[in-house]
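The values are calculated or read from the model by the stated rules, or taken from the named source; none is laboratory data. This is a predicted model, so every value here is computed, not measured. No Cβ is skipped: glycine too gets one built from the backbone with ideal geometry, and neighbour counts run over all protein chains shown. Keep in mind that these areas ignore ligands, DNA and RNA; they rest on the heavy atoms of the full protein, side chains included. Shrake-Rupley method; radii C 1.70, N 1.55, O 1.52, S 1.80 Å.
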Amino acid sequence: YEILAAIGAGGMGEVYRARDSKLGRDVAIKVLPEAFACDAERLARFQREATLLASLNHSNIASIYGLEDSGQTHALVMELAEGPTLSDHIAQGPIPIDEALHMARQIAGALEYAHERGVVHRDLKPANIKVAADDSVKILDFGLAKAVQGEAKEASGANSPTVSHLATQAGVLLGTAAYMSPEQAKAKPVDRRADIWAFGCVLYEMLTGKTLFPGETVAETLAAVLKNEPDWTELPKDTPTHVRVLLQRCLQKDCKQRLRDIGDARIALDEVLSGAGAVAPGSPPAAESRVRTPALQRALPWALAAATTTMAIVAVVLLWRATRPVEQPLTRLDVNLGPEAMPGLNLTVAISPDGRRLVFPVHGPGGKPQLATRLLDQARATVLAGTEGGTDPFFSPDGQWIGFFTDRQLMKISVQGGAPVKLGTTSRFPEGGDWGEDGNIVAAMGHLSPLSRIPAAGGPDETLTKLGPGEITHRWPQIVPGGAAVLFTGSASTAGYDNASIEALSLKTGQVKTLVRGGYYGRYLPSGHLVYLHQGVLFGVGFDLERLEVRGAPTPLLEDVAANATTGGGEFDFSTTGTFVYAAGKSAAQSWQFAWLDTSGKISLLGPPGTGTLPHLSPDGRKLAYVGDGPDIYIYDMDRDTTTRLTFSGHAVLPVWAPDGKHLVFRTTQGDKNVIYWARSDGAGEPQQLLESTNAVTPWSISPDGRWLAYHETTPDSTRDLWTLPLDLTDAQHPKPGKPEPFLRTPADEAFPRFSPDGRWIAYRSDESGNVEVYVRPFPAASGGKWQVSAVDGGFAFWANNGRELFYETHDNRIMVVDYRVEGDSFVPGKPRLWSDKQLFSPGTLNLDLAPDGKRFVVLALPETPAGEKDSVHVTMLLNFFDELKRRIPPGK
C-alpha cells in the first residue's frame, strides 16, 4: 500500500488514504493504537471482532477489506468513503427535512442490516457518517468501538475520542459522549438500543443543526445525557408528527421504554417519505397517543395551534386522493407449484405479462426438467411436450409464446402446446433471454459471450453487444418497454456476480452505460424503478428510462429472494400488472457441497458445507483449492479438516496448483485489467505478478516441469485463443515470467488447455466443428497434429497420471473416459466410454477435478431427497408490488 495522505486520528487509531498497488484502488488504512502490540487479549479480541465485521456487506456501510500485520503494527484495510462527513454538513446549518429524512432512512437501513447479523455500532455519530454528492451515506467504523479499546482523553463532549476498555466488564464506556445512551454513560452493558439512541441524537442534530446534549467536557456531556430532556421546540415547525414521535421513542432514557427495533424507524421513515406517514402537525397518528412523555405534553399547545392548517391540508389530501389512481396495499400469497415441480438453477418460475399464467420446470423423463404451464385460476399444471431439458423460460409480450433453452438450442413453444420451434444454436451454458415488442429476442447464447439478437419468427442472429475491457460475459438481458434499450449483467468473472455490473445498451446510439456496480440481474419495472440483486438481497432504486440513469440511493427491498450468484441469475419475475413472483430462501445453486464421486456413482461429502466452485486438487490430493465467497481463493486441508482463506481482494478466481504443491497461480481483476499471480499456498509471502492483460485471461494448467503456464485469452471478438507463458522457477519465491507465446489462434473458440502428465500434449476444448469437442495437440508445436477425443460432445478435460486415460465431461454433465496410447509422434485415442452414469450438478462453471489416483473425482453435490419423497416447490407472489415500490422509493421517469 502506498500511503497518500493522513485523513485523521482518534481513540481508535490513525487513518490514512492509501493506494492498493495490486488491485489499483484507493483504500483507507486505519493503523491501530500501539497498545495493541502489548496486549494479547486485546489483539485476539480485535481479530475475532474484525472477522465478524468483515462479513458486513451493505451499500451504506463502509466495508472492511482485510487485516494487515507488520511486526508490532496492526492495521485495517477499509473501503475509502469519499465526501464530507455528516458533521461537516451539519456545521453549515440544519439540513432540509426531506434531505435529512432520506439520509436518516439510509442510516436506519444500515443499522437494521447490521443488527440482524448481531453487530452493534456503539459509536454512531455524524463524524462517523460520510455523505456523497448524491446524498447517499456510508457509515464508518461499524463495530470498531467494541473491537478497539482505546484510552479516554479529556476533550469536548461532541468530539471526544472513543472511550473504551473491555466491553464485557463493569466500568466501561463505549462510544462518544455526546451520542452515548444513558446506559453507556452509566457503564452498563449495551445492546442495539444504544444505536437507536444514537440514531435519535443524529437525526435531531440533522434537523436542528445543534448537538442534543452539549458540554464543554466529557463529564458535563455525560451529565446532560443522564439528566436533561431534549428541547423539542428546537425542531423545525414543519417536522412531520411521525418524525417527532419517532425521535421521542428513540430518545427514551429508560432503554426498556425505547424503540425496540431500528427496522421500525426505517419503516416509519419510509412512510413519511412516501407520503403515507406525512401526517400534518396537530394530527397525531394512533401510535402517538401511546407515547406518554413530558416532552409530548409540551408539544400539545403547538399542535392545537396548527389545527386550522391541518384542516386545509386534509382537504387538499382528500381532493388529491379523489383524482389520483388508487394505490392498493401489498398482498403476499404463497403458491404451491406441486410435488412434480422442481427448482430451477437460475429461474424457478416465470409469469406472463398479464399476470394470469405461470411457467416452471417439472420432473421430466430421466430426471431432466420439462416445462409446464398453469393458469392461476386452475389447480393443475399442463406439461408442455417437447420441452425436455428446458430451462430459463420467458414469455412473448402478448403472453402467447414461451421462449426457453434446451440441448444447446434456443426454442419457442405456444402456451397451448404443440411442436416447439428452434430459433438458434447456443453454447453449453446459455444465460437468459427476453422477447421484445419488435418481434426480436435478445439472448446470451453462451456463458462467455456478448448478447445476440434473434428474430422470434426465425432467421439469422446478430451480435448485439461488444465486451468491454476486462469483461468476459454479458448475460441476463431485459428489453425495456418501448424497445429503446437493453439492460444486462456484465462481469469480468464467472466465479461470483456480487462484483458484476448492471449495464444498459441504447439501441439508438449504441452507447453502453454502467448503471450499478456491485449487482446483478437488473430488471426495469414499469413503476419507474430498477431492481437488482446483491448478496442475495433485492435492491430497488428510481430509474429514468429516457436518460437510462438511476435516481437516488438504492434501497433494500427483500432479503429472502433466491439467487444464483455463480451464474448471475435471479429467482424472480414480474407481470406488467404489478405482480411480483419469486422463489424464497436459497436457490439450488446455493446449496451444494464438495463431494467425492467414484465410478459406481457413490457420493461421499468432502470438506465443510458451502458453495465453492472451480475445485483444483493439489498434486498429492491432500488439499483442495477452490473459489468461495468474495470471490476469493480458499484451501481445504483434508488431513487437518480445516479451511484457510488465501486471498482477501474479493476478485480472486481460478486457482491452479504448481507441480511442487507449495505454490499456485490465480487471477484477479483490477479495474479493466486482469492479472495472474503466483503465490505460496500457505499464505506466506507476497503474491508475485506473472501476467497483466486488458483481455480476460484464464489460467488453467502448469506443465509437469513447472516451466510453462497454459491459459486461454478472450479476444475482443469474444472468441478464445490458447497461450503459454514461460516460467523461470529457479527462485520459486520470485518466479520470472517470460514473454507470452501463442499456442493456438484460430477463428474458432478454443479454451481450457491442460498439460498431459509427461508434458508432451495439451488437451483443450474447441467448437471448430460446429459442436464443442475435446481435442489433443502436441506441445510445444501445436502444428504437429490434431486428434479429436470426444465422440459427440466434450467439455473440461482431465488427464490420468497413469498415462493411459483421458477424461472429459459432456454437456449433460456426465463423465466420459478415453483410453489412449502414443505411437512415436502420434496420439492414438480409443473409443469414449461412460465412466459414471451419475449426472453432475453444474452452476455454469468448472464443477469437478480428477484425483491424482485417477479413481475418483471431486464434484459438486446437491442435497439428495430421500427415496419416495418429493417436496412441493413453493413460490411467493406479491400483488400490487409496483404500488409498494412507489410508496417506498421515489420513481424515476
Cross-chain or 6+ apart pairs with Cβ under 8 Å, the stretch 235-252 first and on the phi > 0 side of the Ramachandran plot, then open to solvent by 10 Å² or more (accessible area, probe 1.4 Å) and aliphatic (A, V, I, L, M): none
- line: Taking the stretch 638-677 and keeping only residues that are on the phi < 0 side of the Ramachandran plot, in a loop (DSSP other than H, G, I, E, B) and open to solvent by 60 Å² or more (accessible area, probe 1.4 Å), one is left with 639, 640, 648, 660, 662, 672
query: What number of residues in the stretch 539-556 are at pLDDT 90 or above and either among the hydrophobic types (A, V, I, L, M, F, W, C) or open to solvent by less than 10 Å² (accessible area, probe 1.4 Å) (or both)?
result: 9
task: Considering only the stretch 382-414, state which residues are outside any strand (DSSP E or B) and over 23 Å from residue 480 (Cα atoms).
output: 384, 385, 386, 387, 388, 389, 390, 407, 408
message: Quick test of your reading of the structure: residue 59 fulfils all but one of (1) in contact (Cβ under 8 Å) with a residue 60 or more places away in the chain; (2) under 25 Å from residue 651 (Cα atoms); (3) in a helix (DSSP H, G or I). Name the failing condition by number.
response: (3)
query: For the stretch 464-476, does any single residue satisfy the condition of being farther than 30 Å from residue 676 by Cβ, out of contact with any Gly (no Cβ under 6 Å at 6 or more places or on another chain), β-branched (Val, Ile, Thr) and part of a strand (DSSP E or B)?
result: no
- prompt: closer than 25 Å to residue 514 by Cβ, among the hydroxyl-bearing types (Ser, Thr, Tyr), surrounded by 23 or more Cβ atoms within 10 Å (Cβ to Cβ) and at pLDDT below 90, is that true of residue 473?
  reply: yes
query: Restricting the search to the stretch 676-728, which residues are aliphatic (A, V, I, L, M) and touching a residue at least 24 places away in the same chain (Cβ under 8 Å)?
result: 676, 679, 690, 691, 696, 697, 702, 709, 710, 722, 725, 727
- line: Wholly inside the stretch 784-833, strands (runs of 3 or more DSSP E) that include 1 or more residues that are aliphatic (A, V, I, L, M), under 28 Å from residue 845 (Cβ atoms) and touching a residue at least 40 places away in the same chain (Cβ under 8 Å) are 797-799, 805-809, 815-823
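In the stretch 600-637, what count of residues is obtained for those that are assigned to a loop (DSSP other than H, G, I, E, B), farther than 20 Å from residue 535 by Cα and among the polar types (S, T, N, Q)?
Of the residues in the stretch 600-637, 2 are assigned to a loop (DSSP other than H, G, I, E, B), farther than 20 Å from residue 535 by Cα and among the polar types (S, T, N, Q).
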field: Top-ranked residue in the stretch 415-435 [being within 23 Å of residue 794 (Cβ to Cβ) and in a strand (DSSP E or B); ranked as least open to solvent (accessible area, probe 1.4 Å)]
entry: 424
message: Could you tell me how many of the residues in the stretch 571-590 are at pLDDT below 90 and outside any loop (DSSP other than H, G, I, E, B)?
response: 4
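Name every residue in the stretch 731-757 that is within 20 Å of residue 693 (Cβ to Cβ), open to solvent by 70 Å² or more (accessible area, probe 1.4 Å) and of a type outside the set (D, E, K, R), in order of residue number.
Residue satisfying the conditions is 742 alone.
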message: Within the stretch 444-470, take every residue that is within 17 Å of residue 397 (Cβ to Cβ) and in contact (Cβ under 8 Å) with a residue 40 or more places away in the chain and give me the one that is surrounded by the fewest Cβ atoms within 10 Å (Cβ to Cβ).
response: 456
message: Quick check on the stretch 834-855. Is at least one of its residues closer than 21 Å to residue 753 by Cβ, open to solvent by 20 Å² or more (accessible area, probe 1.4 Å), free of Cβ contacts under 8 Å to residues at least 60 places away in the same chain and in a loop (DSSP other than H, G, I, E, B)?
response: no
- request: Test residue 81 against the criterion of being within 26 Å of the chain's Cα centre (by Cα), among the hydrophobic types (A, V, I, L, M, F, W, C) and assigned to a loop (DSSP other than H, G, I, E, B), and give yes or no.
  value: yes
query: Does residue 511 satisfy being more than 30 Å from residue 633 (Cβ to Cβ) and free of Cβ contacts under 8 Å to residues at least 24 places away in the same chain?
result: yes
- prompt: From 521, 532, which residue is within 25 Å of residue 105 (Cβ to Cβ), touching a Gly at 6+ places or on another chain (Cβ under 6 Å), crowded, with 19+ Cβ neighbours inside 10 Å and in contact (Cβ under 8 Å) with a residue 40 or more places away in the chain?
  reply: 521
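Rundown of residues vs (1) modelled with pLDDT of 90 or more; (2) within 27 Å of the chain's Cα centre (by Cα); (3) surrounded by fewer than 23 Cβ atoms within 10 Å (Cβ to Cβ), yes/no style:
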position	(1), (2), (3)
685	no, no, yes
688	yes, no, yes
694	no, yes, yes
704	yes, no, yes
709	yes, no, no
712	yes, yes, no
717	no, no, yes
726	yes, no, yes
729	yes, no, yes
field: Residue ID - modelled with the lowest pLDDT, chosen from residues in the stretch 497-509 that are touching a strand residue (DSSP E or B) at 6+ places or on another chain (Cβ under 7 Å), in a loop (DSSP other than H, G, I, E, B) and under 21 Å from residue 697 (Cβ atoms)
entry: 497
- request: Considering (1) modelled with pLDDT of 90 or more; (2) out of contact with any His (no Cβ under 9 Å at 6 or more places or on another chain), say which one residue 206 fails and leave the rest.
  value: (2)
- prompt: Are any of the residues in the stretch 729-737 closer than 14 Å to residue 702 by Cβ and in contact with a Ser or Thr (Cβ under 9 Å, 6 or more places away or on another chain)?
  reply: no
- prompt: Are any of the residues in the stretch 758-767 among the charged types (D, E, K, R), open to solvent by 20 Å² or more (accessible area, probe 1.4 Å), free of Cβ contacts under 8 Å to residues at least 40 places away in the same chain and not in a strand (DSSP E or B)?
  reply: no
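Can you confirm whether residue 489 is in contact with a strand residue (DSSP E or B) (Cβ under 7 Å, 6 or more places away or on another chain), part of a loop (DSSP other than H, G, I, E, B) and either more than 17 Å from residue 573 (Cβ to Cβ) or β-branched (Val, Ile, Thr) (or both)? It would help to see each step written out before you state the result.
On the way: in contact with a strand residue (DSSP E or B) (Cβ under 7 Å, 6 or more places away or on another chain): yes; part of a loop (DSSP other than H, G, I, E, B): no; either more than 17 Å from residue 573 (Cβ to Cβ) or β-branched (Val, Ile, Thr) (or both): yes.
Judged against the criteria, residue 489 is not a match.
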task: Within the stretch 570-590, identify whether any single residue is of a type in the set (Asp, Glu) and open to solvent by less than 30 Å² (accessible area, probe 1.4 Å), and answer yes or no.
output: yes
query: Consider residue 65 against the criteria (1) modelled with pLDDT of 85 or more; (2) not in a loop (DSSP other than H, G, I, E, B): it satisfies all of them except one. Which criterion is unmet?
result: (1)
field: Count - residues of the stretch 519-559 that are touching a Leu at 6+ places or on another chain (Cβ under 9 Å) and within 25 Å of residue 843 (Cα to Cα)
entry: 12
